[in-house]
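Only one structure is covered here, and it is reproduced in the block below.
The values are calculated or read from the model by the stated rules, or taken from the named source; none is laboratory data. All values reported here derive from a predicted model rather than from experimental measurement. Cβ placement follows ideal geometry from the backbone for every residue including glycine, while neighbour counts extend to all protein chains displayed. Heads up: the accessible areas ignore ligands, DNA and RNA and are worked out on the full protein's heavy atoms, side chains in. Shrake-Rupley method; radii C 1.70, N 1.55, O 1.52, S 1.80 Å.
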Amino acid sequence: MYKGQEQARSKPVTVKTLAKMKREGEKIAVLTAYDASFAAVLEAAGVDIILVGDSLGMVIQGRQTTVPVSIDDMIYHSRSVARGCRYPLLMVDMPFMSYSTVEWALTNAARLMQEGSAHMVKLEGDGGLMETVRQLSRNGVPVCAHLGLLPQSIHKLGGYRVQGREESVARQIIDDAQRLQDAGADVALVECIPAELGARLSETLEIPVIGIGAGPGCDAQVLVSYDMLGITLGHRPRFSRNFLEGKGSIQAAVAAYVQAVKQGEFPAPEHCLA
Ligand code: KIV
């Protein structure tokens, strides 16, 4: 394994750990990483889940969207991250169209776990993913269901906009999340929804809910690490915060993020969407 720093934990984070954290009201800190060095920094700071996000299409590859990211890209970065850490749960995005049929999803999830060392895969969608989630779950694949704003559908959505402002859409998101939970999803992730809906979802679901632009009521928070370090090219989302500002190092910035999430200080009202 890549030589890291002092470890914040001595036991791996599992789906059981996450369920216990939700039960006990302990906030879960999540950040993205795409390589071994960042993974080691995140682990040392006590990040619970490392997400190898397909946001790598933008922040690593310089593309406009996540759509061009391939399964081989995801495996390459996941494997790199896995070499840098031992204890955080390693969640890996299934990229655009890599789960368009149940068979395709099983094949690609197997590759992410066997070649990329993923512990959990993340899929974007709605209740239509139920059969896929059921089959992945039956085959021993832990699943995170990503709802709300779905960046892989950006060309269909026509832009990055807050989702679930209307009560009918909010109800649909809750209903979809419940169906995916019933199908076997272990975690839900919601992106760009009103803070009030993030809190409602976390209260309704038994599984942990990770929020990004979804308010402080979620069980967990995630940010793209390059956004929280203020080095994203172009526009930084309103729901993000530059944790490097006023800190002397990336290590200190990541530690400040973990502390702010654990103490419920991030996201603050100015990072919330209505
Ligand atoms: O790809 C990614 O980094 C993500 C986050 C936006 C949650 O899915």
Legend entry - Residues (β-branched (V, I, T) and open to solvent by 10 Å² or more (accessible area, probe 1.4 Å)) located in the stretch 191-217: T204, I207, I212
Legend entry - Selected residue (only one of T204, T232 is within 13 Å of the ligand (Cβ to nearest atom), touching a residue at least 24 places away in the same chain (Cβ under 8 Å) and out of contact with any strand residue (DSSP E or B) (no Cβ under 8 Å at 6 or more places or on another chain)): T232
Legend entry - Only one of A188, A220 that is open to solvent by less than 60 Å² (accessible area, probe 1.4 Å), within 22 Å of T132 (Cβ to Cβ), within 15 Å of the ligand (Cβ to nearest atom) and under 18 Å from the mean Cα position of the chain (by Cα): A188
Legend entry - Residue match in the stretch 173-184 (condition: away from the ligand (no atom under 16 Å from the Cβ) and among the small types (G, A, S)): yes
Legend entry - Neighbours by Cβ (under 9 Å, 6+ apart or cross-chain): first from the stretch 46-71, free of Cβ contacts under 8 Å to residues at least 24 places away in the same chain; second open to solvent by 40 Å² or more (accessible area, probe 1.4 Å) and within 9 Å of the ligand (Cβ to nearest atom): Q64/M58
Inset, instruction - Give me a count of the residues in the stretch 126-144 that are within 15 Å of S98 (Cβ to Cβ) and out of contact with any Asp or Glu (no Cβ under 8 Å at 6 or more places or on another chain). - result: 6
Inset, instruction - Determine if the stretch 150-171 includes at least one residue that is in contact with a Leu (Cβ under 6 Å, 6 or more places away or on another chain), under 27 Å from N108 (Cα atoms) and surrounded by 18 or more Cβ atoms within 10 Å (Cβ to Cβ). - result: no
Inset, instruction - State whether one or more residues within the stretch 83-102 are open to solvent by less than 20 Å² (accessible area, probe 1.4 Å), polar (S, T, N, Q) and either touching a Gly at 6+ places or on another chain (Cβ under 6 Å) or part of a helix (DSSP H, G or I) (or both). - result: no
Inset, instruction - Filter the stretch 106-139 for residues that are closer than 21 Å to I75 by Cα, basic (K, R) and open to solvent by 50 Å² or more (accessible area, probe 1.4 Å) and give the result. - result: R111
Inset, instruction - Identify all residues within the stretch 37-76 that are closer than 24 Å to D186 by Cα, in a helix (DSSP H, G or I) and within 11 Å of the ligand (Cβ to nearest atom); write none if there are none. - result: L56, M74
Legend entry - Matching residues, the stretch 121-133, being under 20 Å from the mean Cα position of the chain (by Cα) and within 12 Å of D182 (Cα to Cα): G127, L129, M130, V133
Inset, instruction - List every residue pair whose Cβ atoms lie under 8 Å apart, where the two residues are 6 or more positions apart in sequence or sit on different chains, the first residue falls within the stretch 179-200 and is modelled with pLDDT of 95 or more, and the second residue, located anywhere, is among the aromatic types (F, W, Y) and within 16 Å of the ligand (Cβ to nearest atom). - result: C192/Y160; C192/F239
Inset, instruction - Return yes or no: is Y34 open to solvent by less than 10 Å² (accessible area, probe 1.4 Å), assigned to a loop (DSSP other than H, G, I, E, B) and touching a strand residue (DSSP E or B) at 6+ places or on another chain (Cβ under 7 Å)? - result: yes
